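The values are calculated or read from the model by the stated rules, or taken from the named source; none is laboratory data. Keep in mind that this is a model prediction, so the values were computed, not measured. A quick note on method: Cβ atoms are made from the backbone with ideal geometry, for glycine too, and the neighbour counts reach across all protein chains shown.
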Amino acid sequence: MERLDKRLSSTGRWTRREVKELVRRGQVTVDGRPAASPEEKVDERAVVCVSGEAVALERFLYVMLHKPSGVLSATEDPRQKTVLDLLPPEYRRRGLSPVGRLDKDTEGLLLLTDDGAMSHRLTSPRSHVDKVYYARVSGVLQEADRQSFAAGMVLGDGLHCRSASLEILSSDECLVTLQEGKFHQVKRMLAAVGKPVVYLKRLSIGALRLDEALAPGAFRLLTPEEIALLGG
């Protein structure tokens, strides 16, 4: 059970003050009857309507974004556009955060949510969640590069990278699968074998794959089936 004003304001569509006014005007109903007060307790099965429209009262929000190049994976920045700037106001007011980060010039799958437990689970190396990236590089990929990734490597600055998968698609294209998410890791590992990245795109996180129908900059909510794939 949770207060009605808290549940409605958590959607990001109204503030608690606005909810109070809607209730006063009789525009909020709970299971078909006018809400008694903003403090009324409702459970997750209650049908809540505002001005005759049913309002989904999801506890958490899960957004799949096809992150475009040139946008920061951050919640705010005073000078540059962030991924939250690509979302409507009601989503931004939910307190969404990116699950992991993509470099400014990297494209692809970015999950945003207010479910902190899921975010931690997907980003922790202990969870062994695969993240798959498509990369195009400068140079010719070779079997020795695949072996270097499989063995794990220590970069020039001393950063230890665990074993990772490098699947060579063509002379200058590959798929990289990591279970870590260290700063610029894919780029740094490929640079370490002499194959600097010229284009990078994340394709999947665990069993969740980027919806290729989403153009760069577009987004949609995850389906219940996709949420279940992530353990939500």
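Structure summary
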| item | result |
| --- | --- |
| Members of region 181-202 found to be closer than 20 Å to residue 73 by Cβ and buried (at least 16 other Cβ atoms within 10 Å of the Cβ), listed by number | 181, 185, 186, 187, 188, 189, 190, 197, 200, 201, 202 |
| Criterion violated by residue 159 - all others in (1) closer than 24 Å to residue 210 by Cα; (2) at pLDDT below 95 satisfied | (1) |
| Pairs, first free of Cβ contacts under 8 Å to residues at least 24 places away in the same chain in region 85-109, second in a loop (DSSP other than H, G, I, E, B), C-beta under 8 Å, six or more apart | 85/71; 95/114; 97/75; 97/114 |
| Meets criteria (in contact (Cβ under 8 Å) with a residue 24 or more places away in the chain, in contact with a Cys (Cβ under 9 Å, 6 or more places away or on another chain) and either closer than 19 Å to residue 63 by Cβ or not assigned by TED's automatic domain parsing to the domain that holds residue 70 (or both)) for residue 221 | no |
| Within region 208-232, considering residues that are touching a helix residue (DSSP H, G or I) at 6+ places or on another chain (Cβ under 8 Å) and modelled with pLDDT of 95 or more, the one farthest from residue 88 (Cα to Cα) | 208 |
| Residues within region 207-232 that are under 30 Å from residue 153 (Cβ atoms) and crowded, with 18+ Cβ neighbours inside 10 Å, tallied | 3 |
| So residue 83, is it aliphatic (A, V, I, L, M), within 30 Å of residue 201 (Cβ to Cβ), surrounded by 20 or more Cβ atoms within 10 Å (Cβ to Cβ) and at pLDDT 90 or above | yes |
| Test result for residue 28, out of contact with any Cys (no Cβ under 9 Å at 6 or more places or on another chain) and surrounded by 14 or more Cβ atoms within 10 Å (Cβ to Cβ) | no |
| Condition met for residue 175 (in contact (Cβ under 8 Å) with a residue 40 or more places away in the chain, surrounded by 14 or more Cβ atoms within 10 Å (Cβ to Cβ) and closer than 22 Å to residue 69 by Cβ) | yes |
| Wholly enclosed strands (runs of 3 or more DSSP E) of region 6-112 bearing at least 3 residues of a type outside the set (Ser, Thr, Tyr) | 48-50, 62-67 |
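Table: residues versus (1) in the same structural domain as residue 195 (by TED's automatic domain parsing); (2) exposed (fewer than 14 other Cβ atoms within 10 Å of the Cβ); (3) on the phi < 0 side of the Ramachandran plot.
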| site | (1), (2), (3) |
| --- | --- |
| 89 | no, yes, yes |
| 114 | no, no, yes |
| 119 | no, no, yes |
| 136 | yes, no, yes |
| 142 | yes, no, yes |
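Conditions tested, residue by residue: (1) surrounded by 12 or more Cβ atoms within 10 Å (Cβ to Cβ); (2) over 19 Å from the mean Cα position of the chain (by Cα).
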residue	(1), (2)
40	yes, yes
45	no, yes
51	no, yes
59	no, no
70	yes, no
75	yes, no
93	yes, no
